[in-house]
Structures are given as C-alpha cells and as structure tokens.
Amino acid sequence: FIAVSCVANTDADISQKNLTLREICQGHVPEHILLRAEEVGFVEPTDVQREALPMLLSGRDCILHAQVTFLRCF
C-alpha cells in the first residue's frame, strides 16, 4: 500500500518511467552523494521513492504513507 499526497501533481511521465535514483536525482543531489549511494547498492528506487522524489526535489510539499516490512534478525 502506497499513498502519496502532494500539493500539486507532478509530470505523469516522470513517475511512470522506470528511472534510476541517479536519473531522478540528477541535478538536485551532489555527484559524490549519488556515487556513494550507487556504491552501497541504492540504484533502483522503491515505489514510494519513484512517486515522491520528483515532487520533493521540485520543492513541493508531500505527505507519504507506505507499508513497510519489518525483519528482525536473531
């Protein structure tokens, strides 16, 4: 379950494509941060990130609600 509520709608093309985190964040996030994120394995955004990041990076306000899984290791 994912709910994204924003003040204004984003361009539908952005959220529909299977963009990488780099493609979504390019021009908004410093290159050294993007490189480090990729080094540790953050390449493909989650559904909520794919929906919300373009809106957040454009300066819009968002309220995000996403179901998460909780794994506990013993």
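What follows draws every value from the coordinates through simple rules; no lab data is involved. The structure presented is a predicted model; accordingly, all values stated were derived computationally and were not measured. Cβ coordinates were reconstructed from backbone atoms using ideal geometry, including for glycine residues, and neighbour counts include every protein chain displayed.
Restricting attention to the stretch 26-43, the residues that are within 24 Å of THR69 (Cβ to Cβ) and surrounded by 14 or more Cβ atoms within 10 Å (Cβ to Cβ) add up to 2. Would the stretch 44-54 turn up any residue that is within 9 Å of the chain's Cα centre (by Cα), surrounded by fewer than 16 Cβ atoms within 10 Å (Cβ to Cβ) and in contact (Cβ under 8 Å) with a residue 40 or more places away in the chain? The answer is yes; a qualifying residue exists.
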